[in-house]
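Reading through the C-alpha cells given below for one structure.
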Amino acid sequence: MKAFILAAGLGSRLVPLTHHKPKALVPVNGKPMLQNLIERLKKQGFDELLINVHHFGDLVIDFLKDHDNFGISIAISDERDRLLDTGGAIVKAGWFFKGKKPVLVHNVDVYADMDFVQLLHQHKQSKALVTLVTRDRVSSRKLLFDDRNLLKGWKHLQNNEIKWVGKPVPGVVERAYSGVYVASSTYPDLIRRQGSFSVIPEWLDMAARASIVGVEHNEGLWFDLGSVDKIKEAESKLKMRSKN
C-alpha cells in the first residue's frame with residue numbers, strides 16, 4: 001500500500017520550534033511527528049511511502065537514513081528549491097501515483113486515529129477519483145457536500161464566502177477537512193494548475209469533471225499538530241489514553 005506524506009511546509013505556527021528544524025521533526029510524545037506517522041502507517045501495512053521536503057529538508061533526509069527508512073520503501077519528493085504547496089506537490093509527485101494502487105495522502109502535522117486500510121476499501125468501493133476524510137470539528141473553512149456525499153463547494157465561515165462546483169446547491173452539509181484523503185492513480189493527470197498552489201481550488205474545479213466524495217470520521221482521536229498549544233493538548237490526551 002502506498003502513502004504520500006505532505007511534510008514540506010514551513011511550520012510557521014510552530015515557531016520557535018521550527019527555527020532550526022522542519023515541523024516534521026518536532027516531537028510529539030517524545031518522537032518526531034513524522035516518525036509517529038510512519039510507524040502508524042507501517043503497522044497498518046503501508047510499505048511504499050513518499051515524503052516531500054522543503055524547510056530543512058536535508059534534516060528529514062538524514063533522519064530517514066539514520067533510521068534505515070524504518071524498514072520500508074521511502075522516497076523523497078524534493079522541493080528544497082521551491083515550496084509547491086498542497087497542489088503543486090501532487091503534480092511533482094505524479095510518478096508515485098502511477099499503477100493500479102490508490103494513494104493515501106496525509107498531512108504530517110495531523111494525527112488521525114483511524115483505519116486507513118478500511119478507508120482505502122471505501123475508496124475502491126465508491127469508484128471515486130478522490131475520497132476526502134472529513135470531521136465534525138470547529139474550523140473557519142468547510143467543504144460542502146450534497147446528500148450523496150459529493151463535493152459541491154467550499155465555504156469560509158468568517159466572511160461567508162462560498163465557492164461552488166458549478167451552480168449553487170440547496171441543502172448542502174458543511175464538514176471540515178481532516179488533512180487526510182485517498183486518490184486514484186489518474187488524479188495527478190487531471191490537475192490543470194501548475195507551479196505552487198493549494199489543492200482545494202483544484203478539487204472544486206475537478207469535482208465538475210470527476211467524482212470527489214467525502215467520508216465522515218468522527219470516531220477515535222484527531223489532532224491538528226500545527227501549533228505549540230495544539231501539540232500540548234494532543235500530548236495530554238494521548239497520555240491519558242495510554243493510561244486507560
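Data for the structure
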{"item": "Shape of the stretch 6-99, Cα gyration tensor, a/c cut at 1.5", "result": "oblate"}
{"item": "Least to most buried among 221, 37, 84, 59 (fewest other Cβ within 10 Å first)", "result": "221, 59, 84, 37"}
{"item": "Rounded, prolate or oblate (a/c below 1.5 giving rounded, otherwise prolate when a/b exceeds b/c) for the stretch 47-146 by Cα gyration tensor", "result": "prolate"}
{"item": "Which of 17, 173, 226, positive extreme of dipole for the chain (C-beta unit charges)", "result": "173"}
{"item": "Distance between modelled label sites at residue 229 and residue 78, nm, 7 Å Cα→Cβ extension", "result": "3.9"}
{"item": "Phi to ³J(HN,Hα) by Karplus 6.51 cos²θ - 1.76 cosθ + 1.60 over the stretch 36-48, Hz, x for Gly, Pro", "result": "4, 5, 4, 5, 5, 5, 4, 4, 8, x, 6, 10, 10"}
{"item": "Residue 28 long-range amide H proximity, modeled H, under 5 Å", "result": "33"}
{"item": "Point-charge dipole on Cβ atoms (K/R +1, D/E -1) for the chain, about Cα centre, debye to 20", "result": "400"}
{"item": "Percent of Cα pairs exceeding the 17 Å cut-off, where the set is the stretch 166-216", "result": "43"}
{"item": "Residue among 98, 167, 21 with the largest mean-square fluctuation in a Gaussian network model of the chain, springs linking Cα atoms under 10 Å", "result": "167"}
{"item": "Overall Cα dimensions of the chain - principal axes, largest extent first, Å", "result": "51, 39, 32"}
{"item": "Anisotropy class of the stretch 100-208 from Cα gyration tensor, a/c 1.5 cut", "result": "rounded"}
{"item": "C-alpha center-to-center spacing [the stretch 147-216, the stretch 72-144] in angstrom", "result": "13"}
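Bear in mind that the values in this text are calculations on the coordinates, not laboratory data. Predicted model, so just to flag it, every value in this text is computed and none were measured. All Cβ positions, even for glycine, are placed from backbone atoms using ideal geometry, and neighbour counts span all protein chains on display.
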